[in-house]
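The values are calculated or read from the model by the stated rules, or taken from the named source; none is laboratory data. Computed from a prediction, not measured in an experiment: that's the story for all the values here. Glycine gets a Cβ as well: all are built from the backbone with ideal geometry, and neighbour counts include every protein chain shown. Heavy atoms of the whole protein, side chains included, go into the accessibility calculation; ligands, DNA and RNA do not. Shrake-Rupley method; radii C 1.70, N 1.55, O 1.52, S 1.80 Å.
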Amino acid sequence: PFIIKPNLYLLAVGISRYENKDLSLGLSAKDARDFAEAMMKQKGSLYRDVVVKVLTDGNATKDAVVDGFDWIEKETTSKYVAMIYLSGHGVNDPNGIYYYLPVNVNLEKLKWTGIPFTDVKNTLSSLAGKVLVFIDTCHSGNILGKRRGLYDLTGIINELTSAENGTVVFASSTGYQYSLESDEWGNGAFTKALIEGINGKADYTGH
């Protein structure tokens, strides 16, 4: 039978080289690019078309990421699939509010320079089509030092996957775990597993 395949819109953000050198990571930017490349290969297969916006390192400022949220919201209709991939640092402030850290974040002014979880949640809630989110942001549990709140992604994941949101969430860690990356793998552990699965290893039938 003739099947109309949906379009896929993907916003992939990954930051390795923060303006604050103390926040530097090894593979987050590469992870975002590699994940986007893997999804591009699904054009004509799972999806009729694949449209991606990739923001890495110096291009992943707070304004650029927020603009990316606006872009995917405007492009996605009820017949399409939306994906958001976030890799880099994520923290909770002393009040327990979660922030994704853009490249130009100032930890002394986190409220004004970080991207609060509410921005992510509001974007996902407004998307009309099917929504998948990939979160690889728990690379460090102590970058706020003694002022940090406990880092726990579990509550965020539960909130995003509530029935009213209908969002499917894949996270690199939950609870108080940290994400892992290694140059030997070429990617962070989470993204490596995702790409291997997308490229065929997740097909339990072997076809």
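Would you kindly state how much longer the chain becomes between Lys109 and Lys121 on full extension, computed as 0.36 nm times their sequence separation minus their alpha carbon distance, in nm to one decimal? Don't skip to the end; give the middle numbers.
Details: separation 12, 0.36 × 12 = 4.32 nm, distance 2.14 nm.
Once the chain is fully extended between Lys109 and Lys121, it gains 2.2 nm.
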### Summary
In Å², rounded to a whole number, the accessible area per residue of region 16-84 with probe 1.4 Å is 52
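For the peptides 90-103, 62-75, what is the packing order when you average, over each peptide's residues, the other Cβ atoms within 10 Å and list the highest mean first?
Numbers: 90-103: 19.6, 62-75: 16.0.
Packing order, densest peptide first, comes out as 90-103, 62-75.
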### Task
Search the structure for amide H atoms under 5 Å from the amide H of Ser16, placed 1.01 Å from N in the peptide plane, and list their residues when 5 or more places away or on another chain.
Ala29, Asp57
### Query
What's the carbon and sulfur percent of region 1-120's accessible surface, probe 1.4 angstrom, rounded to a whole number?
50
